[in-house]
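Some notes on the structure that comes next.
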Amino acid sequence: MKTHFIAIGGSAMHNLAIALKDKGYQVTGSDDAIFEPSKSRLENKGILPQEMGWFPEKITADIDAVILGMHARQDNPELARAKELGLKIYSYPEFLYEQSKNKTRVVIAGSHGKTTITSMILHVLNFHQKDVDFMVGAQLEGFDCMVKLTQDNDFMVLEGDEYLSSPIDLRSKFLLYQPNIALMSGIAWDHINVFKTFDDYIDQFRKFVASITAGGVLVYNEEDPEVVKVVEAAENYFRKIPYKTPEYEIMDGKVHLKTEMGDVPLSVFGAHNLLNMEGARHICRQLGIMDEDFYEAIMSFKGASKRLEKVEREDKGILYKDFAHAPSKVKATVKAFQEQFKKEKKYGFLELHTYSSLNPVFLEQYDHAMDGLDEAIVFYSEDALKIKRMEPISPEFIKEKFRNGALRVFTNAEDLHAYWETLDKTDGVFLMMSSGNFGGLDLTK
């Protein structure tokens, strides 16, 4: 099968391209910019475009599938050529469904926790050598690629994202998967640039639940009132399995899960991670993994990339980085950090750089998000606001919305880096929350 990727360099897109190459497909692609690690990974597979840019002449009548990434624009010249030739054009999730329509599809959805839950499930299955197809949004220890596609596997585990499918398909990605088994971890308004109201955002999850196949299964977080409302209002037939935070205690700085089989020591911490783990356990049950086998495997789970991931520093200082940027994620991560490090001095850094997080209306959601830290620092770039054509935001406005007068606010990278240099990284513990990189800050030094 001959496939062509428009915007092959994206995090998800390049992994799908590699998975198809490994499956034996003929793969080509284009992009106007490709960065690491996508560049090296595509090059190693022999599918890195020779030059950057869009080339309509690459689109030929013998292509079986054109896969369109979100990075491409509606007026992309390669897309226009594909339409002209009448080629089959897929969004990323649409193509994944096409590859898994004869398998049992397991879809993990929610505003937060979905990457971690998917990662936990795959870790457990891998530990017990149970082979499945999958797509997950973070690099996992023990896995070469974030996408795996085969002819023979019975199951496919998919991280279900509620963001848009492609520039020409404005449906939420997870609405295309039609899950047989699903999980919903939580609902907290996100992607304000696309979903203008909270109800519009919640409506995507209503549609997701309605897309579960007849007689399917939904595992859901019964501690989230918005999730419960959506589940209770569902009119289609499926089996409902609720889950909640399990019992645990912290002994000698390590979390121990309380189970019928005794204490289970874990390598991760935070009540939200244990809640995620409980959801993963119920999904693994549906896949034939008994609780005893789940606990045996989960002890060695160290976390998904950038999800409370410990950074090895040259000075041996204790520092964790986390992808948290949405308000609900920030609050959960800060709470976990406080619970884990009760006696140490706690520094928390948060970078605001997504469209939602810099929106004055959305900033209301961050109230008290950084409370309980000894030093709380927020960084956003005034240049980023200009690039996004957004109105300026003052540091005083940030402090007001966070309801935290002691907050330190930096608006340019140079000042943030200068402050960073003044800190003794061995005096206290550090939490770095961002989907960016704090203006190029090296966290290992």
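Please treat every number below as a calculation from the coordinates, not as lab data. The shown structure was predicted, so the numbers you read here are calculated from the model rather than taken from an experiment. We place every Cβ from the backbone using ideal geometry, glycine too, and count neighbours over all the protein chains shown.
For a paramagnetic label modelled on D367 (point 7 Å from Cα along Cα→Cβ), amide N atoms under 14 Å away belong, within the range 375-406, to 400-404.
If a spin label sat at a point 7 angstrom from the Cα of E223 along the line to its beta carbon, the backbone N atoms of the range 336-368 nearer than 11 Å would be those of 336.
About the centre of its Cα atoms, the chain shows a dipole size close to 560 debye [charges on the beta carbon of Lys, Arg (+1) and Asp, Glu (-1) only; nearest 20 debye].
All other residues whose Cβ lies under 15 angstrom from that of V124 are scored, Lys and Arg at +1 and Asp and Glu at -1, for a net of -3. The gain in end-to-end length when the Q129 to D427 segment is fully stretched comes to 103.1 nm, 0.36 nm per residue minus the alpha carbon separation. Just flag the chymotrypsin sites (Phe, Trp or Tyr not before Pro) in the range 334-412 sitting in loop per DSSP whose Cβ has no more than 15 other Cβ atoms within 10 Å. In loop regions of the range 334-412 (DSSP not H, G, I, E or B), the sparsely surrounded chymotrypsin sites (Phe, Trp or Tyr not before Pro) are Y355.
The residues packed around K148, meaning those with a beta-carbon under 10 Å from its beta-carbon, carry a net charge of -3 if Lys and Arg are +1 and Asp and Glu are -1. Reducing the range 210-236 and the range 406-436 to their Cα centroids gives an inter-centroid distance of 41 Å. The gain in end-to-end length when the T444 to E414 segment is fully stretched comes to 9.0 nm, 0.36 nm per residue minus the alpha carbon separation.
On full extension, the segment bounded by K196 and E400 gains 71.2 nm, given 0.36 nm per residue less the C-alpha separation.
Each residue of the range 33-41 was assigned a 3J(HN,Hα) from its phi angle through the Karplus expression (A = 6.51, B = -1.76, C = 1.60, θ = phi - 60°), giving 6, 10, 10, 6, x, 4, 4, 5, 5 Hz with x at Gly and Pro. Counted without the sites themselves, the longest stretch of the chain free of GluC sites (Glu not before Pro) in a DSSP loop having at most 12 other beta carbon atoms within 10 Å is 52-234. A cut-off of 5 Å between modelled amide H atoms, ignoring neighbours fewer than 5 places along the same chain, links S165 with R171, K173. In this structure, the amide hydrogen of G216, modeled 1.01 Å from its nitrogen in the peptide plane, lies closer than 5 angstrom to those of R239, counting only residues at least 5 positions away or on a different chain. Restriction of the chymotrypsin sites (Phe, Trp or Tyr not before Pro) in the range 204-304 to DSSP coil positions whose beta-carbon has at most 15 other beta-carbons within 10 angstrom yields Y237.
The string of couplings for the range 44-55 from the Karplus curve (6.51, -1.76, 1.60, θ = phi - 60°) is 5, 8, x, 10, 6, x, 5, 9, 7, x, 10, 10 Hz, one whole number per residue in order, with x for Gly and Pro.
Each part reduced to its alpha carbon centroid, the range 132-165 and the range 49-126 end up 13 Å apart. What is the sum of charges, Lys and Arg at +1 and Asp and Glu at -1, for the other residues whose Cβ falls under 9 Å from the Cβ of F134? Counting the neighbours of F134, the net charge comes to -1. Taking amide H as placed 1.01 Å from N in the peptide plane, the amide H of A188 sits under 5 Å from that of S111, each at least 5 places away or on another chain. Can you pull the percent of Cα pairs in the range 309-433 with separation above 19 Å? So the pairs more than 19 Å apart make up 46 percent of the total in the range 309-433. Beta bridges assigned by DSSP with both partners in the chain are antiparallel in approximately 20 percent of cases.
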